[in-house]
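Worksheet: the structure to be examined is printed underneath.
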Amino acid sequence: MNIAFLDTEIDPATRKVLDIGCILEDGRQFHGSSLPAFTDFLKNARFVCGHNILKHDLKYIHASVSAAGIPESNAIDTLYWSPLLFPQKPYHALVKDDKLQTEAFNNPLNDSIQARDLFHAEVASFQQLPSYLKQLYWLLLREKPEFRSVFHYLGYRGAEENPALIIRHYFHDLVCEHVALERIIQEHPIELAYSLALIHCQNQYSITPAWVLKNYPAVENILFQLCGKPCLNGCAYCNQRLDARKGLQEFFGHPSYREYGGMPLQEMAVHAALQQKSLLAVFPTGGGKSITFQVPALMAGKNVKGLTVVISPLQSLMKDQVDNLEKNGITQAVTINGLLDPIERSKSFERVEDGSASLLYISPESLRSKTIERLLLGRNVVRFVIDEAHCFSSWGQDFRVDYLYIADFIKNLQEKKNLDDPIPVSCFTATAKQKVVEDILAYFREKLGLPLEVFSSKASRTNLHYKVFQKGDDEEKYNTVRDLLEENTCPAIIYVSRTKKANKLAERLLSDGFNARAFHGKMEAQEKTEN
C-alpha cells in the first residue's frame, strides 16, 4: 500500500508554499515548489503522512492532495501517535515535543525522510503493544481524525467491547477502581488514551509532552481522576498509592506524622492536599511545615507526573531544602534563584522540562519572568505552595509586594493552559495573628475564588526560649554577644538592624577569632553563596 511522506516550508507572511519535500515508500523522491508537479507525483500514493501535517502542511497543499485522489481520511499524522507509542523516557530519538529532530536546516525532503522513519518506528511499536492496549486505542480513537487513518492503513479492526471493562481489568492496580470511566470515555477519549499510555509505561520520570497539555488540557484532570485523588470507599490502588502515612514512610521513613497539642494537624493537612483542597497551615517554626507539602508533592510527582511549585522569599532556605532532600536520597527537587551560576540554572530548567523534577523552588519575583511562565506551561502543575505566607499581609512582619502578584500569575497560567479546574494552593506560615490569617484567606477568596481550609496550631512555642539582656551601649552589647558565643559551642545567627552593622560586627568577631561572616540582601550572589 503506497504512502507518500511529505513536509513543506511555508512563508509565514504570505502563506505561500516555498518548498516541498516528499518520498514514496518505494524510494522515489520529489523536491521542489511546483504544486502541479507535486500533484502528479502524489498520484502514485494512497496515503500521505507527515509530522504535524493535519494542522500545518495540509492547510497549504490540501488542493494538491485532493487533486491526486487521496481522501482527507487517508492523511496520517505521526505527531498524535508519538505520545501513545513512545510514552516512556527516554522518548523516541526523532521526536522533540511537537518537532522532528533533524540536522538539516529548513530541508523539507530530509524532514519527510525523518517522518518516514518515525512512522515505521510507530508501526513497529504498535504491533508490539499488548493486544488489550491495541484494542483500547481502537475503541477510543477509531473515529477521531487524528488517529483513524493509521487503523485504516494497518487494516486493524478490534472487537466491539466495553473499553471501561478492559481498563478495569488490565489497569486494576494502576488506577482508582471507583473513577467514573464511562463518563471520561464519552467526554475525553483522546485524553484518556494519552493518560493510559503514560500510566502503562510505569516510568516515574515520563511526562505528558507540552504540546499535548496545550492542545488537550483535560489530560491533567484525567490523570488526577485516575491516579491522583483518593476515593471515598477505598480501593487497592488508593489504599497503596494515595495513603498519607504510606507516602511519609516511603519518602522519609517515618511511621507517623507530628501532632500539635494532641491534634494530628500535619497529617490532616497532607490528606487535604491529596484531596486537591487548598489550605492554610499555621505551624510553628521547626514544626514540620516542609514535610507537610513535600509528601503530597512527591506522591503527585510519582502518581500523576505532576510538578509542585514552591514559592519562598528565602533563597538560602530553598537550597537547604533541596540539599536536605538529596541527603535523604530524594533527587526530585530543584531550585531556580539568583544564587545559581548559569550552568546550575540551565540544569534546573532541564530537569523541570524533562520530568525528573517534581518539586520546583522559586522566589515570588521569579513569577514575573516569561521564561518561568513558559517552563510551567510545559508541565502538569498540580499545586502552588506559598511559604512564609504572612508576607501577603500588611499586618505581617515581612509584607512583600511581590506576594500580591502570585494570584495574578496563577490565574494567567490557568487561562493559558485552558484549565477547567483551578490549581490548588497550600499556604504555610508560623505567624498565627488573626488579622494575618484573615488577610491570606481573603486574598485567595477574592483573587482566585479559592476557599482555604485552615490547620492552625497553638501560638505557644515550647521549643523556643527567650531571654532579655539589659545593656547600655554598643560596647556592652558586643561583649555580651562574644561571651554568649564562647559559652555556646553551636552555630549562631546574630540579627542587626542595618547591613553596615552586619559587616562591622562580622569583621570585629573575625578579628577576635570567631569564624563569622556577614549576610544581607545587598551582597552579590557569589559572596552570599561563599558566606
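For the chain, with all protein chains in place and a probe radius of 1.4 Å, 49% of the accessible heavy-atom surface sits on carbon or sulfur.
Plainly put, segment 1-150 has a radius of gyration that is 0.96 times its Kirkwood radius, both from alpha-carbon atoms, as the Rg/Rh ratio.
The amide H of C427, built 1.01 Å from its N in the peptide plane, has L279, L280, A281, I386 as neighbours under 5 Å, considering only residues 5 or more places off or on other chains. For segment 138-203, the set of chymotrypsin sites (Phe, Trp or Tyr not before Pro) satisfying both a DSSP loop assignment and a count of at most 15 other C-beta atoms within 10 Å is given as Y156. Evaluate the Debye formula for segment 91-144 with equal point scatterers sitting on the alpha carbons, no solvent, and hand back log10 of I(q)/I(0) at q = 0.20, 0.26, 0.28 Å⁻¹, in q order, two decimals. Taken in order of the listed q values, log10 I(q)/I(0) reads -0.81, -1.01, -1.07. Listed by chain and number, the aspartates and glutamates placed with their C-alpha closer than 15 angstrom to that of K433 are E388, D398; residues fewer than eight positions away on the same chain are left out. Considering all different alpha carbon pairs of segment 122-275, the Kirkwood hydrodynamic radius works out to 17.5 Å.
When you have a sec, figure out the Kirkwood radius of segment 466-515 from all distinct Cα pair distances and drop it here in Å to one decimal? Hydrodynamic radius (Kirkwood, Cα only) of segment 466-515 equals 11.8 Å. Heavy-atom accessible surface of the chain, averaged per residue, reaches 49 Å², computed with a 1.4 Å probe.
Taking all Cα pairs closer than 8 Å and separated by 6 or more residues, the relative contact order of the chain comes to 11 percent. Size descriptors for segment 262-353: radius of gyration and Dmax over Cα atoms are 14.2, 47 Å. When you count the other C-beta atoms within 10 angstrom of each residue and take the mean per peptide, 328-337, 492-501 line up highest first as 328-337, 492-501. Across segment 49-119, C-alpha contacts under 8 Å between residues 6 or more apart give a mean separation that, scaled by the residue count, equals a relative contact order of 37 percent. Under 5 Å between amide hydrogens, built in the peptide plane, is the criterion, and for D19 it picks out E9 among residues at least 5 positions away or on other chains. Taking the convex hull of the alpha carbon positions in segment 213-327 and averaging its projected area over all directions gives 8.6 nm².
When each of the peptides 215-224, 430-439, 361-370 is scored by the mean number of other C-beta atoms lying within 10 Å of its residues, the order from highest to lowest reads 215-224, 361-370, 430-439. Summing charges over neighbours of I336, with a neighbour being any other residue whose Cβ is under 14 Å away from its Cβ, gives +2 when K and R count +1 and D and E count -1. Considering the options V481, G513, V468, tell which one lies farthest towards the positive end of the dipole of segment 457-531, charges being +1 on Lys and Arg and -1 on Asp and Glu at the Cβ, about the Cα centre. Toward the positive end, the furthest listed residue is V468.
Of the listed pairs K327/K458; K471/K501; K435/K528; K55/K214, which have alpha-carbon separations greater than 23 Å here? Violating the 23 Å limit, Cα to Cα: K327/K458; K435/K528. In loop segments of segment 257-342 as defined by DSSP, the GluC sites (Glu not before Pro) with at most 15 further C-beta atoms inside 10 Å of their C-beta are E259. The Rg/Rh ratio for segment 126-203 is 0.94, where Rg is the radius of gyration of the alpha carbons and Rh is the Kirkwood radius.
Close amide H pairs (under 5 Å, H built 1.01 Å from N) link R28 with no residue at least 5 positions away or on another chain. Across the chain the C-alpha pair distances fall into 20 Å bins from zero in the proportions 19, 44, 26, 10, 1 percent. Temperature 20 °C, viscosity 1.002 mPa s: under these conditions the Stokes-Einstein estimate for segment 334-466, based on its Kirkwood radius over C-alpha pairs, is 131 µm² per second. Each residue of segment 417-427 was assigned a 3J(HN,Hα) from its phi angle through the Karplus curve 6.51 cos²θ - 1.76 cosθ + 1.60 (θ = phi - 60°); the sequence is 8, 6, 7, 7, 9, x, 6, x, 10, 10, 10 Hz, with glycine and proline shown as x.
The values are calculated or read from the model by the stated rules, or taken from the named source; none is laboratory data. Treat the numbers as computed from the prediction; the structure is a model and nothing was measured. Cβ: placed from backbone, ideal geometry, glycine included. Neighbour counts: every protein chain shown. Accessible surface areas use protein heavy atoms only, side chains included; no ligands, DNA or RNA. Shrake-Rupley method; radii C 1.70, N 1.55, O 1.52, S 1.80 Å.
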